[in-house]
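Following: one structure in structure tokens, then a few remarks.
No lab work stands behind these numbers, since they all come straight from the coordinates. On a predicted model such as this, the values are computed, not experimentally measured, just so you know. All Cβ positions, glycine included, derive from the backbone under ideal geometry; neighbour counts span all protein chains shown.
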Amino acid sequence: MTLAVQLSSIRSPEDLKTLSYPELADLAGEIRDFVVQAVSETGGHLGSNLGAVELTLALHRVFESPKDAILWDTGHQAYVHKIVTGRQDDFARLRQGGGLSGYPNRNESEHDWIENSHASTVLSYAYGLAVARDAGQDPRRHIVAVIGDGSMTGGMAYEALNNLGHSKRRVIIVLNDNGRSYAPTISNLTEARPADLDRPEQATLPDRLTERLAQAYTAIRMNPVYVRRQRRFEQLVRDIPVVGGQAERGVEAFKAAVREFLQPPSFFEALGVRYIGPIDGHNMAELESALRNAEALSAEGPIVVHVLTQKGRGYSPAEHDDEKHLHDAPVFDPYVGPPKAVPTGYTQAFAESIVKEADADPRIVTITAAMPGPTGLLPFEARFPDRFFDVGIAEQHAVTAAAGMAMGGLRPFVAVYSTFLSRAWDQVVYDVALHRLPVVFCLDRAGITGDDGPSHHGIYDMALLCKVPGMRVLAPSSAQDLQQMLHDAIELADDGPVMIRYPKGAARQVSEHEVGMGLHARRSREGGPELCILAVGKVLAAAERAADALAAEGVRATVWDVRSCAPLDEDMLDDAFLHRVVITAEDGIREGGVGMSIADLLSARGTPDAARPYVEVLGVPTEFVPQAKPDVILRQVGLDAEGIASTARRLLVR
């Protein structure tokens with residue numbers, strides 16, 4: 001990938017500090033072109049990075065990374081950070097196996113701190129780093145936490161904010177407010193955005209005058225000299241004989257009234273965190289001035305710099321994408337932009353089926369955590385706007401809110417990514433399952449997901465949720481089976497929660513005779529007594545191909561589509577027990593997974609002297625699985641057709 005002239009000279013943050021503002025403006029344009037070109041070739045996160053260009057440049061000009069720790073939440077807005085910290089040449093392999101991660105990665109650079117992309121965590125990291133620094137255990141000079149892209153809708157951020165304000169730890173918080181997460185941000189905390197930021201032609205004269213007043217007031221409050229004089233004035237008023245207390249409260253009331261008119265509600269300052277802003281996140285001079293003043297003011301305790309940015313800035317297809325401003329994109333032609341995102345595969349099957357079921361049952365409502373598009377709920381929202389709830393990046397709240405809806409007589413369907421439901425484990429167990437509530441969890445991106453790496457593989461759901469008392473765990477092997485499971489779940493939920501997990505990508509299309517029912521497994525191949533393969537979800541396709549290959553060699557394998565991972569079908573277990581060798585295969589964690597449960601049940605089956613099958617459990621190893629294409633990873637762990645067939649050959653000659 002050829003680098004533009006200005007960009008080619010930037011190999012470390014120090015190279016930014018000698019540039020003039022006109023040169024920085026040129027560089028910002030070059031970076032945007034570079035990001036668009038890179039993402040068009042590999043796929044990745046686009047809109048959030050285009051919006052954070054000037055902010056990233058300003059951060060690296062004001063602070064000294066890694067001497068100052070710059071922490072990113074969420075990590076998908078850190079492409080520009082990677083570019084200016086010496087990783088430009090690696091973008092040709094962005095999100096590829098063995099290539100550059102799509103998130104900060106501690107193995108890539110000393111400038112990276114947080115590897116996962118699970119939102120709303122950065123303020124807790126910052127608090128912990130500040131404690132270590134203040135205890136003399138870490139040489140960090142400044143701790144700078146960049147939070148945004150919807151992360152302030154997550155409850156963990158507020159927990160950390162409360163601790164920061166109470167402890168007065170010296171942390172600089174940059175709130176990158178682009179009005180979005182994946183979808184529009186679900187929060188009243190973010191600033192009412194000036195019309196001229198995203199659509200300049202919509203700004204009225206009163207809007208512009210108010211914005212100028214707000215900027216002037218912000219400039220005063222950011223001035224350290226003003227802050228020191230304000231403190232002396234407050235002390236002077238407080239010391240007035242007799243009426244000092246009333247006078248002090250009067251001054252505070254006046255200041256509060258000004259803030260309420262010109263600025264966001266003083267939520268941060270009520271928690272003990274100084275607030276300045278909002279700042280134009282695309283004006284380098286304003287950004288640097290605000291950050292330098294925040295650096296000086298942080299000596300008194302934590303401070304928030306509220307920065308307004310435009311997601312997708314500088315690339316027309318992103319600016320005009322009303323759904324998500326091209327938050328992420330597949331491989332595309334950079335001159336025309338990506339095609340409009342639509343649900344595909346299992347997500348499409350879910351999207352179509354949930355609308356159909358809701359038409360027939362008015363109790364059905366849907367809940368998602370800032371991802372209505374990726375989970376396929378936009379058609380549901382369009383048809384049933386009053387029955388659709390996006391709670392922001394707040395999975396814990398989503399689950400317990402669903403519990404409350406279920407208590408009130410509704411049938412809530414919670415649609416999230418598999419990896420993100422783990423954030424609400426406590427709520428699933430004790431707020432839903434303990435109460436035996438009729439909540440249906442629809443887990444998209446279950447199993448090996450690929451390019452987004454360790455934090456996005458949905459490999460823990462079955463091992464965790466199969467252990468929850470009363471939880472029914474279903475795994476479809478086709479689009480039609482998913483639709484049947486959604487229909488069955490409405491009735492199954494009468495007895496407690498149901499979880500349906502399905503993978504990212506294409507879905508098998510089958511006839512009605514290849515679809516199961518309820519909590520029953522389905523035998524897809526009937527073979528001899530030598531070998532039985534029990535396959536979970538998408539792995540069924542590989543198991544059937546393995547059986548076909550073995551049949552050509554004279555080995556007739558029985559193949560079962562497990563479908564119900566909890567409870568397991570007794571008829572399936574009875575049949576498996578009659579075989580000499582049993583192989584289980586699942587795209588979830590092997591230890592403690594479905595296969596292990598099957599092995600335990602088969603070992604306890606029959607009379608004490610009965611011959612028992614040898615059981616081999618195939619699954620994902622207990623390790624953090626790096627990024628690569630899903631098929632590559634499944635082949636590496638032996639969950640493709642050849643891997644299953646090879647395991648069968650090895651066991652049959654024992």
- line: Across the alpha-carbon set of the range 1-60, Rg over Rh with Rh taken as the Kirkwood radius works out to 0.96
statement: With the charge dipole of the chain built from beta-carbon charges (+1 for Lys and Arg, -1 for Asp and Glu) about the Cα centre, the Cα from Gln483, Thr449, Phe624 projecting farthest to the positive end belongs to Phe624
field: Loop GluC sites (Glu not before Pro), the range 1-92, which have at most 14 other Cβ atoms in a 10 Å radius of their Cβ (DSSP)
entry: Glu64
query: Packing-wise, with mean Cβ within 10 Å as the measure, how do 120-131, 292-303 rank, highest first?
result: 120-131, 292-303
- request: Amide H neighbours of Met371 under 5 Å, at least 5 residues apart or on other chains, H built in the peptide plane: list them.
  value: none
message: Under 5 Å between amide hydrogens, which residues at least 5 positions from Asp328 or on another chain qualify, with H placed 1.01 Å from N in the peptide plane?
response: Leu46, Gly47
query: So which chymotrypsin sites (Phe, Trp or Tyr not before Pro) in the range 312-388 pass both tests, a DSSP loop state and at most 13 other Cβ atoms within 10 Å of the Cβ?
result: Tyr335
message: So if I average 1/r over every pair of distinct C-alpha atoms in the range 334-408 and take the inverse, what Kirkwood radius in Å does that give?
response: 13.4 Å
- prompt: Whole-Å semi-axes of the range 375-428's equivalent ellipsoid, largest first, each the root of 5 times a Cα gyration tensor eigenvalue?
  reply: 19, 15, 8
- prompt: Hey, quick one: spin label on Arg363, modelled 7 Å out along Cα-Cβ, who in the range 485-499 has an amide N within reach, i.e. under 17 Å?
  reply: 486-499
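For Trp113, Trp425, what's the fewest-to-most ordering of other Cβ within 10 Å of each Cβ?
By the 10 Å Cβ count, ascending: Trp425, Trp113.
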task: Go ahead and run the numbers for FRET between Ser109 and Asp609, Cβ-Cβ distance against an R0 of 51 Å, rounding to 0.05.
output: 0.25
task: Once you've got the Cα coordinates, tell me which of Lys311/Lys467; Lys82/Lys311; Lys82/Lys467; Lys340/Lys467; Lys17/Lys629 are over 30 Å apart.
output: Lys311/Lys467; Lys82/Lys467; Lys340/Lys467; Lys17/Lys629
message: Please compute one quarter of the surface area of the Cα convex hull for the range 345-501 and express it in square nanometres.
response: 8.0 nm²
task: Work out the charge dipole of the range 523-652 with +1 on the Cβ of Lys and Arg and -1 on the Cβ of Asp and Glu about the Cα centre, then indicate which of Leu602, Thr584, Pro567 is farthest towards its positive end.
output: Thr584
Cα-based Rg and Dmax for the chain, where Dmax is the largest Cα-Cα distance (Å): 27.8, 102
- prompt: Share of antiparallel DSSP beta bridges in the range 523-652, in percent to the nearest 5?
  reply: 10 percent
Square roots of 5 times each gyration tensor eigenvalue, C-alpha, the range 395-464, largest first, Å: 24, 11, 9
- request: Enumerate the amide H contacts of Arg580 below 5 Å, restricted to partners 5 or more residues apart or on another chain; note that Pro and chain-start residues carry no placed amide H.
  value: Glu530, Leu531
field: Per-residue ³J(HN,Hα) for the range 68-81, Karplus 6.51 cos²θ - 1.76 cosθ + 1.60, θ = phi - 60°, Hz, x for Gly and Pro
entry: 9, 8, 9, 10, 10, 9, 8, x, 6, 9, 10, 4, 5, 4
task: Determine the sum of side-chain charges near Leu465: Lys and Arg each +1, Asp and Glu each -1, restricted to other residues whose C-beta is under 10 angstrom from that of Leu465.
output: +2
- prompt: Got a sec to turn the phi values of the range 579-596 into Karplus ³J(HN,Hα) couplings, 6.51 cos²θ - 1.76 cosθ + 1.60 with θ = phi - 60°, whole Hz, x for Gly and Pro?
  reply: 9, 6, 10, 10, 10, 9, 9, 8, 9, x, 4, 5, 5, x, x, 5, x, 5
Pairwise label distance in nanometres, Asp15 with Asp600, each label 7 Å out on the Cα-Cβ vector: 5.6 nm
message: Please list, in order, the residues from the range 602-624 whose amide nitrogen is less than 18 Å from a point placed 7 Å along the Cα→Cβ vector of Trp425.
response: 620-624
statement: For the range 322-430, listing GluC sites (Glu not before Pro) in a DSSP loop whose Cβ sees at most 16 other Cβ atoms within 10 Å gives Glu323
query: Under a Cβ-Cβ cut-off of 9 Å, what is the net charge of the residues other than Asp451 that fall near it, where Lys and Arg count +1 and Asp and Glu count -1?
result: +1
message: From Cα pairs below 8 angstrom and at least 6 apart in sequence, can you work out the relative contact order of the chain, rounded to a whole percent?
response: 11 percent
- line: From DSSP H assignment alone, runs of 4+ in the chain each adding -39500 (n - 2.57), the sum over residues rounded to the nearest 500 puts [θ] at 222 nm at -12000 deg cm²/dmol
- prompt: If each Cα of the range 523-652 is one equal point scatterer, what is log10 of I(q)/I(0) from the Debye formula at q = 0.15, 0.18, 0.20, 0.22 Å⁻¹?
  reply: -0.64, -0.92, -1.13, -1.34
